[in-house]
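Novice: Once you've had a glance at the structure underneath, I'll fire off some questions.
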Amino acid sequence: MAIRTDTASAENLAAELPQRQHRTLWGDVWLRFRRHTLAKVGAVVLALLVLGVLAGPLVYTVDPEYSFIVDDIDSINQSPSVAYPLGTDDLGRDTLARNLFGGRISLAVGVVAMIVSITFGTLVGVLSGFFRRLDNPLMRFTDLMLALPSLPLLLVIIMLFRDSLKSLLGPELGIFLLVVLVIGILGWMPTARVVRGSVLSIKEKEFVEAAVSVGTREPAILWQHILPNVLSPIIVSATLGVAAAILTESALSFLGLGFPSNVPTWGRLLFENKDFITQNPWLVIWPGMFISLTILSINFIGDGLRDALDPRQRR
Amino acid sequence: MGQYLVRRILTIIPTLIAISFVIFAVLDLAPGDPTSALPETIRPEIRQQIRKAMGLDEPFPVKYGLWMRQFFVNEPLSLIENAFDIQIGDSEERLRVTSWGSRGVPVMDMILERLPQTMWVVGLAYLVAIVIAVPVGVISAIRQYSVFDQVGTFFSLIGYSIPTFFTGLLMILLFSVKLKWFPMIYDTNLSIVDWDSFVQQLRQSAMPVAVLGFFQAATLARFTRSSMLDNIPMDYVRTATAKGFRERYVVIRHILRNSLIPVVTLIALGIPAIFSGAIITEQIFRVNGLGALLIGAIQLNDIPLVQTVTFIFAFLIVVFNLIADVIYGILDPRIRYS
């Protein structure tokens, strides 16, 4: 099986090559990624979702907080129709508008929390892989963090610091920063371990030895020689990190401990609407479907990237 | 092995102390005053006395030390007393960790009351997960790229990506609202006295168990499959086949036995995660378990209860990490401890 795809891809490459002078590393990655069917499907779905929540509210200009009861007393708990494409909730608010708006926040939380955890994880991983003296304490610290029960601790920290951050920075920004920071800080450990492992193996390679022997200073070795080579595990765990962060935020909101009720993230919508499941099942189907689609497509992309970035597949 | 075991058990002590410190510090350093929930009409000097009686004015190390003694000495002693119905020392004078929300009920008693519900759901779910995941993973690996494998891999990716709070709600929608097969809400007061109530118990457990079990099964099946695939190209498999053993025998006696080593380890490592998962599942189906206790305590600002439940979760993680390590050592003689 493996051999067959290899020759097939070689032919594909050969067909494309004549007009191209040289192949870049990222060009190769892109080629391999495009051959991964599920990853391609995931990328398309995710692109549609991102486009939808970014451009959607500009096109579909219904206020997510506006209650249509004011105009029409029957407009609560509506099923999807022409007037309300995804229906309305128990207060007569438009479900599509709320889901579009909520998606913005859910995706933003996912991306920013991932940036926090990847930055921290990469820092710890590189430091403990590169500097032998730091290795033991940093890895003990990582082990300790891994032994902490993350979901209970997340809930506790958010409960404790919610009010003070809310009064400091306002309800929306305060909670956003808190949720993002806490998810990031409790989620960097797997990245740190993976990065440390890669740094340890790359450090022993001949090109690093060569760089040392010509007198390259340590920061330059780290930045120019080691970091570019550990980029692929970082990219993969960044991708999967977005999915994990979205999932965690949704779980928090689902337990009622995430964003306040005027900030409808997808998880918050599920939490608010789960009691109306008998009256109007659409209310939980939409946000649940959006969360699941997002996470599924990110996981597919992550799988595809893992294969595409694998240097053993390069030729 | 024996020496390793002792050393390994000794290392969990500093870990547990460090974790208890983190949990205590987070809750203690957090802004917010436990007396703020008391009525406004209480005069400031009385409020001050309440604070003092609760030990809130002591410096941080003293508070931590007192809490440690309550937690690691008094509570275990009381547990032993209750379990064996004996008395050790002056048990009336011994300060126990008590809940702020429930007027001085010992926290441990509340937890022991909730534990059976969680254990029942979590245990059954894990059993279901293992029973589904291992055969699916094994067959997928033996028949790699077959229709079974592709369907199985696809479903395990889906099961792994759809959050439990959504599958739970979908199940309620389908099986409770539309088909009316299972009750929507878990009745904790149901006591099993005869066949009918036993069936009732099974019916109400079906959905929480399925939700938790499928999610766990997805992860386990993926892992079993890749572990089998690691072992199939090994030399010993070729040798066994060359000796003329039938495929079934080679798969079960050779490949499976070796592939299950990491799987068993993962099963042990996954137990704390499934307890965390129970927090969400219990919320969906209103199971009155440990997770529901934690959420309730968080909403009531009941700090001692939150500290204790969180610490129990941490304890589970540390203990099952240890168990996973030990199982790995027993099952795989290639691991040498030095």
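Here, each number is a calculation from the coordinates, and none is a lab measurement. These figures come from a predicted structure and were not determined experimentally. Here the Cβ is made from the backbone with ideal geometry for all residues, glycine too, and neighbour counts use every protein chain on show.
Novice: Considering only DSSP states other than H, G, I, E and B, which trypsin sites (Lys or Arg not before Pro) in region B:150-242 qualify as loop sites with at most 15 other Cβ atoms within 10 Å?
Specialist: Sparse-neighbourhood loop trypsin sites (Lys or Arg not before Pro): B:K180.
Novice: Further question on the same structure: In percent, how large is the relative contact order of region B:279-338, given Cα pairs closer than 8 Å and 6 or more residues apart?
Specialist: Rounded, it is 17 percent for region B:279-338.
Novice: Right, something else. Rounded to the nearest whole Å³, what is the per residue volume of the convex hull around the Cα atoms of the protein assembly as shown?
Specialist: Spread over its residues, the Cα hull of the protein assembly as shown gives 242 Å³ apiece.
Novice: Still on this structure, please answer the following. Principal axes first, then extents: for the Cα atoms of region A:41-198, list largest minus smallest coordinate on each axis, whole Å, largest first.
Specialist: Dimensions of region A:41-198 along the principal axes of its Cα atoms: 69, 41, 24 Å.
Novice: So how do A:S213, A:S237 line up by other beta-carbon neighbours within 10 Å, fewest first?
Specialist: Fewest-to-most ranking of A:S213, A:S237: A:S213, A:S237.
Novice: If every alpha-carbon in region B:239-338 counts as one equal scatterer, what log10 I(q)/I(0) does Debye give at q = 0.20 1/Å?
Specialist: Calculated log10 I(q)/I(0) at the listed q: -0.97.
Novice: What percent do you get for the relative contact order of region B:146-244 when only Cα pairs under 8 Å and 6+ apart count?
Specialist: Averaging sequence separation for qualifying contacts and normalising by length gives 34 percent for region B:146-244.
Novice: I've got another one for you. Quick one: net charge around A:P64, please, counting Lys, Arg +1 and Asp, Glu -1 for every other residue with C-beta under 11 Å from its C-beta.
Specialist: -1
Novice: Next question. In a shell of Cβ-Cβ distance under 15 Å around B:D230, excluding B:D230 itself, what net charge do Lys and Arg (+1) and Asp and Glu (-1) give?
Specialist: Here the count lands on +3.
Novice: Picking from B:L174, B:V121, B:M108, whose Cα lies most toward the positive end of the charge dipole for region B:72-204 (charges on Cβ: Lys, Arg +1; Asp, Glu -1)?
Specialist: B:L174
Novice: If I take every Cα pair under 8 Å that is 6 or more residues apart in chain A, average their sequence separation and divide by the length, what percent do I get for the relative contact order?
Specialist: 25
Novice: Any idea what angle helix A:25-35 forms with the longest principal axis of chain A, computed on alpha-carbon atoms, 0 to 90 degrees, nearest 10?
Specialist: 50
Novice: Kindly put B:L127, B:L212 in sequence by how many other C-beta atoms sit within 10 Å of each C-beta, fewest to most.
Specialist: Lowest count first: B:L127, B:L212.
Novice: Calculate the translational D of chain A in whole µm² s⁻¹ from Stokes-Einstein, where the hydrodynamic radius comes from the Kirkwood formula applied to all Cα pairs, the temperature is 10 °C and the viscosity 1.306 mPa s.
Specialist: Translational diffusion coefficient: 72 µm²/s.
Novice: I need B:E247, A:E204 ordered by Cβ neighbour count within 10 Å, fewest first.
Specialist: Sorted ascending by nearby Cβ count, the order is A:E204, B:E247.
Novice: Starting from the coordinates of the alpha-carbon atoms of region B:188-286, obtain the Kirkwood hydrodynamic radius over all distinct pairs and give the value in Å to one decimal.
Specialist: It is 16.5 Å.
Novice: List the lysines whose alpha-carbon lies under 23 Å from that of B:K52, not counting same-chain residues fewer than 8 positions away?
Specialist: Once the sequence-local lysines are set aside, what remains near B:K52 is B:K63.
Novice: Which of the chymotrypsin sites (Phe, Trp or Tyr not before Pro) found in region B:174-266 are in a DSSP loop and have at most 12 neighbouring Cβ atoms, other than their own, within 10 Å?
Specialist: B:W181
Novice: Also, quick follow-up: If the cut-off is 17 Å between C-alpha atoms, which aspartates and glutamates fall inside it for A:K203, apart from same-chain ones fewer than 8 positions away?
Specialist: A:D135, A:E218
Novice: With unit charges on the beta carbons (Lys and Arg positive, Asp and Glu negative) and the dipole taken about the Cα centre of chain A, which residue among A:P149, A:S81, A:P219 sits farthest to the positive side?
Specialist: The residue sitting farthest along the positive end of the dipole is A:P219.
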